[in-house]
Every structure is written in structure tokens, then in C-alpha cells.
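Have a look at the structure below before the remarks.
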Amino acid sequence: NHKVIFDTDPGVDDAIALYFALAHPDIELLGITTTFGNVSVQQASANALYLTRLAGYRRPIAQGVQFPQLKTPGKHPEFVHGNDGLGNLHGRSEVGGQIEAESAAEFIVKMARQFPGEISLVGVGPMGNLALALKLEPRLPRLLKQVVVMAGTIDEPGNVSPVAEANVWNDPHAADQIFTAGCDLTMVGLDLTHQALCTPEVQRRIEEIGTPLAVIVSGLMDFFRKTYQDNQDFVDPPVHDPCTVAYLIDPSVVQTRRCPLDVELHGELTLGMTVADLRG
Ligand code: RIB
Ligand code: CA
């Protein structure tokens, strides 16, 4: 099975990915690390606590970076994920619990040293925590088994700019450091995730599960459907983050290409663009 640390900015699609990882028998979720992105890092931690406890799980949650490394922080995309990051969930019950004392970067390094070569780091937000962990422990690329990130785009247009995807756009310097660190890294970009649509048929199957959690997840999809129809001309919403978990469980569900990968850090128009060298 897969030992996993889940780095996230929950986030509607992050929530689906988290439940996927928590529920799948092949995944042992060692912990959750939070970052700013869809919401503030404080809200991300509160959401991670809420989502895990709501589903009856307890996992270590270590809070991470509040800001991008260098660029001026932007507004959180409340128009996509809601003010609370979870589709403006009504009647959010108190779930109790508290997050870890240590930072996300310290948690990642501690676990990587404890389980050398065994941990898959699944990142579905801006990559500041991964970059800080790399600074703390330069051996991280060898201590981690692999890194799978929902990030970037190659052929598909960007979503926060004509060429940039949100997780890279939010912290392009961190992304560049991770892409060039020598990790066994798989980038699951918009090229794939824009095919992972939550159709009415998929949503109906979720509702048929019939549990209170299924009702909440279906509500999240309703919210996501509306924001993607309003903002990006999608009929059905692309559910980005769970694609990383699907790839981890069964890499055969996607086709991948091996290539050098870099991030544009200096362009006015192209900041945050992921540049794959496909010349073979
Ligand atoms: O571009 C999509 C990514 O940005 C997803 O991870 C979504 O949750 C947002 O963080
Ligand atoms: Ca995310």
C-alpha cells in the first residue's frame, strides 16, 4: 500500500481527493499539511480538521505556509470555492480537535526521515510547504518515494491566466524549486484534470450512497458546477485534485510523458507557465 502525506488548500476538489485517500484501502494517510491557496492557511487547517472529523477520521494536521515565497499574495478565489473554501457550507457543526504544534515542513521532514523511501507526497495546492521541507532537508528527493502534484498545464490553457494553472501561479518559485529538485515527480496538470468531469451521472451515483457525507459531497459538487459554469464555460466541473490519488492507486488510468519541466518566473504574460521540453 501507499504511505501518503497529503498537502492541500481545501478547497472543494481537495475535499474529494482527501476523502478518496482516506477511504481507499491501498492508502495509509500519515497526515495532512495545509497551505494558503484557495483559502487562507488558517481556513485550510480548519477545513482539514472539519472534513476529517466529519467523516469520522483522525489524522495529524500540520499547518504550513501563509504566503507565496516572493510574489505579492493575491486574493483567495472565493468565487470558485466559496468564502469558507467548502462551497459556503451551511450548518457547519463543531467537530473539535486541534492541529499539530509542528509546521507542515517539519512534519514532512520528520516523516520522510522516519520512513525513508516509503512516502508518496501528494500535493494539491501551492508548493510552499514542499519547498520549505526541501530547504530543511536537502536529501528530501531521495527520502521521499515519489511526489505527485496537481499542478501546471502543458497543452490545455491555464485557469488563472492564459498559460498558468492556479497552484503554480500562487507560488511559482516554490513550484520551480520542487520541479527541479530531482524528486521522482509526476505532474497531474489541467491536460488531465479538465477531462475529470463530475457529470450528473457521477453526482447521482454519489447521492445514491445515501450517507450524510454523500449529501455534503454532492452539495460541494453543486457549488463547483455553478462556479465552473459561471466562470469557465464548463457544463460539468473538472474535479482536479482527486486525479492525483487516482494516479497513485492505478497509474494505468492516465498516460504520462517523461520530460524536463521548468516554471517561467520572469515573464509578464507568462509568469507561472509550466514549460515541458517535449523535444525528446
Ligand atoms: O488549478 C486547480 C487547482 O487549484 C486545484 O488544486 C484547486 O483546488 C486549486 O487549488
Ligand atoms: Ca487544491
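Laid out as a table, the results:
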item	result
Val235 paired with Gln98, simple spin-label distance in nm, labels 7 Å along Cα-to-beta-carbon	5.1 nm
18 Å Cα-Cα reach of Lys110 towards lysines, excluding residues that sit fewer than 8 places from it in its own chain	Lys3, Lys135, Lys145
Alpha-carbon Rg/Rh ratio, for segment 236-279, with Rh computed the Kirkwood way	1.09
Computed over segment 106-173, the ratio Rg/Rh where both radii use C-alpha atoms and Rh is Kirkwood	1.06
Partner lysines for Lys226 [C-alpha distance under 26 Å; skip if fewer than 8 residues away on the same chain]	Lys75
Approximate spin-label separation Leu269-Lys135, in nm, with each point projected 7 Å along Cα-to-Cβ	3.3 nm
Reciprocal of mean inverse Cα separation for segment 1-82 (Kirkwood radius, Å)	13.1 Å
Base-10 log of normalised Debye intensity for segment 1-48 (one unit scatterer per alpha-carbon) at q = 0.29, 0.30, 0.31 Å⁻¹	-1.03, -1.07, -1.11
Computed magnitude of the charge dipole of the chain (debye, nearest 20; Cβ of K, R +1, Cβ of D, E -1)	700 debye
Accessible surface of segment 1-137, 1.4 Å probe, proportion on carbon and sulfur as whole %	52 percent
Relative packing of peptides 90-98, 143-151 - highest average C-beta neighbours within 10 Å first	143-151, 90-98
Share of Cα-Cα pairs in segment 89-225 lying beyond 21 Å, as whole percent	56 percent
Farthest positive-ward along the chain dipole, Cα basis, beta-carbon charges - from Tyr247, Leu29, His90	Leu29
Per-selection Rg to Rh, segment 187-248 - Cα, Kirkwood hydrodynamic radius	0.99
More than 12 angstrom apart: percent of Cα pairs within segment 73-122	77 percent
Per residue accessible area of the chain, 1.4 Å probe, in Å²	45 Å²
D_trans [Stokes-Einstein, Kirkwood Rh over alpha-carbon pairs] for segment 1-144, 20 °C, 1.002 mPa s, µm² s⁻¹	141 µm²/s
If the convex hull is drawn through the Cα atoms of the chain, its volume per residue in Å³	124 Å³
Average projected area [Cα convex hull, segment 176-280], square nanometres	9.1 nm²
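The values are calculated or read from the model by the stated rules, or taken from the named source; none is laboratory data. Just so it is clear, the model here is predicted, and its values are computed rather than measured. Here the Cβ is made from the backbone with ideal geometry for all residues, glycine too, and neighbour counts use every protein chain on show. Please note that ligands, DNA and RNA were not included when accessible areas were found on the heavy atoms of the full protein model with its side chains. Shrake-Rupley method; radii C 1.70, N 1.55, O 1.52, S 1.80 Å.
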